[in-house]
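Trainee: Take this structure, written in structure tokens, and hold onto it; I'll ask about it next.
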Amino acid sequence: MAESALFLSTKRVAVVTGANKGIGLEICRQLASKGVMVVLTARDQKKGIEAVQSLKARASCDNVIFHQLDVGAPSSIASLADFIKTRFGKLDILVNNAAVLGVKVDSNALDSLADHVPGGYINWNEVSTQAHDLAEECLKTNYYGPKSTTEAFAPLLKLSDSGRVVNVSSSSGKLKFVANDWAQTILSDADCLTEDRIDEVLNEFLKDFKEGFLNAKGWPSFLSAYTLSKAALNAYTRIVAKKYPELTINCVCPGYVKTDMNYHRGVLSSEEGAESPVWLALLPPGEKPSGLFFSQKIVSPFYRGLIIGTAWPKKKKEKKSRFLVPAMTEAKRYAIVTGANKGIGFEVCRHLASKGITVVLTARDEKRGLDALHKLKFSDGLSADRLLFHQLDVADSSSVASLAQFIKTHFGRLDILVNNAGIIGADIDSDAFKAAIAAGAVEEERANKVDWSSSINDTHELAVQCFQTNYYGAKRMIEAFVPLLQLSQSPRVVNVSSGAGKLKNIPSEWARGIFTDVDNLTDERVDEVLNQYLKDLKEGSKEAKGWPSFLSAYTVSKAAMNAYTIVVAKKHPNIKINSVCPGFVKTDINFESGTLTVEEGADSIVRLALLPDDGPSGLFFIRSEISPLG
């Protein structure tokens, strides 16, 4: 009896679900190696027993035992709970690892596709089939399974002096992958979140799945049930953390691990994947973050703002916990870069991410945006947690609003906005353009004195598109994101402009007069200039009215952007906003005829994005030097 009492007071006991292979098996090994008594569970008894035997044979893990468990069967869970109560009298650690993918995968197609995909990226939609019955099974295993085991073991966990629950989740469960606004709102509303509300979301998802409305209703098209199950698990983690404040309950994405579930297409070993769940399972008693989502060992946001969840106390005169989210949220910055799938925008994303900033790379074309994202992650080795993609058409107000809602939901604020998206606004004969550059004809002093009619065609339609992207696109972004920028401690807006937008390139004295009258400059006055230009262009009186002959719409759009920068800087003095010409950079827009690399071009933009708090605002820069607008 005395020996039993000593065991109960000192020995920790853990249950790991879905543990006969992969991450679960490795979690068992690592916990056992640290002296924890581990109950390895699996649905298949034969495979479970073989897993225990393999651990004992290769790792001398004598403190691992097996018990059959089907997380989808209440009677099976009750049987295990009774076993733990009878054998150990308490439970210290519960690791909810059991999961299924929720799709049928064509392994042959997967092998064939993988051989031709750089960086190992796989579009699972091309090699998998979704079905309603598989979706139901996925939700039952991945969400209702952990929910049932947590509720069944809560009484035994509360008998521990350091009860821990680790829900093995996935970054796929982040709400950025759930486009359904209604579901996002429910799962992100921590104050009103309940188990019934989660059930409501999952039931609606299954209903829409059955009726063929997945895409129409904004549900994920990629591993739909798996994504929803993990989003639900993340949400439930927050609920149960508040319900049982004496326990430490967190969810964690272990990283992209090579497992049977992804046909070993991951990048991490099961040993590496197990590290973060084990780390959370063995948190020392003094450090009790709870209700949080971890991406490996880093706290990561998964709903509106960076809400701390169940708080953990700081003791006086103690070393600060390495989990303190308030400090992390002050240090972590969030950036959006528009037009970022290539060229300068792409390089700005790389620069910012390399400095520890979480960057939302945006592009109008979803495929190109995702390709750019994967290139940054796989080729440049940047942290996956610092880079994500969101589709954006700056000329579409609904697209801008969708991105703003996404940022609000996931980060709660925005620190940096780089308005980089831009188009040339003309049809250009590339050979003639390159020849003109070689002859020096595009230099500021000569450009408007050359007859460009044979090599540049700037129609009214192209000019409208140019204004909608280069000027009104940046304006839409700023207006949509000002509320989120104002929540930042150091908000920055960088408008990527051009030396072409200097007023000396616009012969019209009337337009120059409006743009230089800083005291009376308004949005409406800028609109007046742009509307007059479009009217004159349509009537064929562009040159007669003093508008530029060389890339006229592009030039006027950038002059308007520079003027609007001044307007916004006065309107929002707490935001540092500047426009910058990055130099004559080799990009698609100038047929790679520039003199600077994209790396050099990005430098000045990033410098302004990271301006200190005493930096300037409302100015125009040519690279790193302040330049007059004239």
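The values are calculated or read from the model by the stated rules, or taken from the named source; none is laboratory data. As the structure is a computational prediction, the values presented were derived from the model and not from experiment. We place every Cβ from the backbone using ideal geometry, glycine too, and count neighbours over all the protein chains shown.
Trainee: Sort out which residues of the stretch 76-99 are of a type in the set (Gly, Ala, Ser) and under 40 Å from the mean Cα position of the chain (by Cα), and write them in order of number.
Mentor: Answer for the stretch 76-99, where residues must be of a type in the set (Gly, Ala, Ser) and under 40 Å from the mean Cα position of the chain (by Cα): Ser76, Ala78, Ala81, Ala98, Ala99.
Trainee: Same structure, new question: If I filter the stretch 77-100 down to residues being of a type outside the set (A, V, I, L, M, F, W, C) and free of Cβ contacts under 8 Å to residues at least 60 places away in the same chain, which single residue comes out as surrounded by the fewest Cβ atoms within 10 Å (Cβ to Cβ)?
Mentor: The selected residue is Thr86.
Trainee: May I pose another question? I'd like to check something: does the stretch 39-52 contain any residue that is in the same structural domain as Glu271 (by TED's automatic domain parsing), within 24 Å of Tyr256 (Cα to Cα) and in contact (Cβ under 8 Å) with a residue 60 or more places away in the chain?
Mentor: Looking through the stretch 39-52, none of the residues is in the same structural domain as Glu271 (by TED's automatic domain parsing), within 24 Å of Tyr256 (Cα to Cα) and in contact (Cβ under 8 Å) with a residue 60 or more places away in the chain.
Trainee: Suppose we keep only residues that are in a strand (DSSP E or B) and of a type outside the set (Val, Ile, Thr) within the stretch 54-79. Which one would you say is farthest from Leu134 (Cα to Cα)?
Mentor: Phe66
Trainee: Right, next: Search the stretch 244-267 for residues that are farther than 16 Å from Val100 by Cβ and assigned by TED's automatic domain parsing to the domain that holds Glu26 and pair each with any residue that is assigned to a strand (DSSP E or B) and at pLDDT below 75 when their beta-carbon atoms are under 7 Å apart and the residues are at least 6 apart or on different chains.
Mentor: Note: pairs meeting the criteria are Pro245/Thr310.
Trainee: Which numbered condition in (1) under 15 Å from Ala281 (Cβ atoms); (2) in contact with a Ser or Thr (Cβ under 8 Å, 6 or more places away or on another chain); (3) surrounded by fewer than 21 Cβ atoms within 10 Å (Cβ to Cβ) is the only one that Pro74 fails?
Mentor: Every condition holds for Pro74 apart from (1).
Trainee: Can you pull out the residues in the stretch 196-215 that are within 19 Å of Gly291 (Cα to Cα) and over 26 Å from the mean Cα position of the chain (by Cα)?
Mentor: Within the stretch 196-215, just Asp196 meets the criteria.
Trainee: When the stretch 199-217 is examined, which residues are found to be in contact with a Phe, Trp or Tyr (Cβ under 8 Å, 6 or more places away or on another chain) and of a type in the set (Gly, Ala, Ser)?
Mentor: Listed by number, the list is empty, since nothing qualifies.
Trainee: Residue by residue through the stretch 242-278, note down the ones that are part of a loop (DSSP other than H, G, I, E, B), of a type in the set (Asp, Glu) and under 27 Å from Arg12 (Cα atoms).
Mentor: Matches in the stretch 242-278: Glu246 only.
Trainee: Quickly run through the stretch 444-487 and pick out the residues that are of a type in the set (Gly, Ala, Ser), surrounded by fewer than 22 Cβ atoms within 10 Å (Cβ to Cβ) and at pLDDT below 95.
Mentor: Selection gives Ala447, Ser453, Ser454, Ser455.
Trainee: Then there is this: Quick one: is Val360 without any contact (Cβ under 8 Å) to a residue 60 or more places away in the chain, surrounded by 19 or more Cβ atoms within 10 Å (Cβ to Cβ) and closer than 22 Å to Ile605 by Cα?
Mentor: yes
Trainee: So, one more: Do the conditions hold for Ile514, that is, is it β-branched (Val, Ile, Thr), modelled with pLDDT of 90 or more and under 28 Å from Gly356 (Cβ atoms)?
Mentor: no
Trainee: Then there's this: Output the residues belonging to the stretch 277-287 that are crowded, with 21+ Cβ neighbours inside 10 Å and either among the small types (Gly, Ala, Ser) or at pLDDT below 90 (or both).
Mentor: Ala281
Trainee: Right, another one. Going by what's in this entry, would Ala73 be described as free of Cβ contacts under 8 Å to residues at least 40 places away in the same chain, assigned by TED's automatic domain parsing to the domain that holds Thr248 and over 16 Å from Thr141 (Cα atoms)?
Mentor: No, not satisfied.
Trainee: Restricting to the stretch 519-552, name every residue that is among the acidic types (Asp, Glu) and in a loop (DSSP other than H, G, I, E, B).
Mentor: Glu539, Glu543
Trainee: Go through the stretch 554-582 residue by residue and tally those that are closer than 30 Å to Asp458 by Cα, touching a residue at least 60 places away in the same chain (Cβ under 8 Å) and not hydrophobic (A, V, I, L, M, F, W, C).
Mentor: Counting residues in the stretch 554-582 that are closer than 30 Å to Asp458 by Cα, touching a residue at least 60 places away in the same chain (Cβ under 8 Å) and not hydrophobic (A, V, I, L, M, F, W, C) gives 9.
Trainee: Something else: Filter the stretch 567-614 for residues that are part of a helix (DSSP H, G or I) and of a type in the set (S, T, N, Q); which is modelled with the highest pLDDT?
Mentor: Step by step, filter the stretch 567-614, then rank; the result is Ser604.
Trainee: Among the residues of the stretch 150-170, are any touching a residue at least 60 places away in the same chain (Cβ under 8 Å) and farther than 30 Å from Pro285 by Cβ?
Mentor: no
Trainee: Quickly run through the stretch 208-239 and pick out the residues that are part of a helix (DSSP H, G or I), more than 20 Å from Thr194 (Cα to Cα) and not small (Gly, Ala, Ser).
Mentor: Hits for the stretch 208-239 are Asp208, Phe209, Lys210, Tyr226.
Trainee: Can you find, within the stretch 1-50, the residue that is farthest from Ala281 (Cα to Cα) among those that are at pLDDT below 95 and of a type in the set (Ser, Thr, Tyr)?
Mentor: Ser4
Trainee: Suppose we filter Ala190, Ala225, Ala241, Ala232 for residues that are in contact (Cβ under 8 Å) with a residue 40 or more places away in the chain and either outside the structural domain of Pro284 (by TED's automatic domain parsing) or over 21 Å from Glu151 (Cα atoms) (or both); which single one remains?
Mentor: One residue alone meets the criteria, Ala225.
Trainee: Shifting gears a bit: Given the criterion under 31 Å from the mean Cα position of the chain (by Cα), in the same structural domain as Ile428 (by TED's automatic domain parsing), part of a helix (DSSP H, G or I) and not aliphatic (A, V, I, L, M), identify the matching residue among Ser617, Ser557.
Mentor: Ser557
Trainee: I'd like the full set of residues that are surrounded by fewer than 23 Cβ atoms within 10 Å (Cβ to Cβ), within 16 Å of the chain's Cα centre (by Cα) and not basic (Lys, Arg), limited to the stretch 412-429.
Mentor: Within the stretch 412-429, Gly412, Asp415 meet the criteria.
Residue by residue, here is whether (1) out of contact with any Ser or Thr (no Cβ under 7 Å at 6 or more places or on another chain); (2) hydrophobic (A, V, I, L, M, F, W, C) holds:
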{"site": "Arg238", "(1), (2)": "yes, no"}
{"site": "Val252", "(1), (2)": "no, yes"}
{"site": "Gly255", "(1), (2)": "yes, no"}
{"site": "Glu272", "(1), (2)": "yes, no"}
{"site": "Ala281", "(1), (2)": "yes, yes"}
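Trainee: Are any residues in the stretch 191-204 modelled with pLDDT under 95 and crowded, with 18+ Cβ neighbours inside 10 Å, and if so, which ones?
Mentor: Passing the criteria: only Leu193.
Trainee: Quick one: count up the residues across the stretch 387-403 that are hydrophobic (A, V, I, L, M, F, W, C) and more than 13 Å from the chain's Cα centre (by Cα).
Mentor: 5
Trainee: On the basis of being closer than 21 Å to Lys475 by Cα, in the same structural domain as Leu503 (by TED's automatic domain parsing), surrounded by fewer than 16 Cβ atoms within 10 Å (Cβ to Cβ) and without any contact (Cβ under 8 Å) to a residue 24 or more places away in the chain, does Glu524 make the cut?
Mentor: Answer is yes for this residue.
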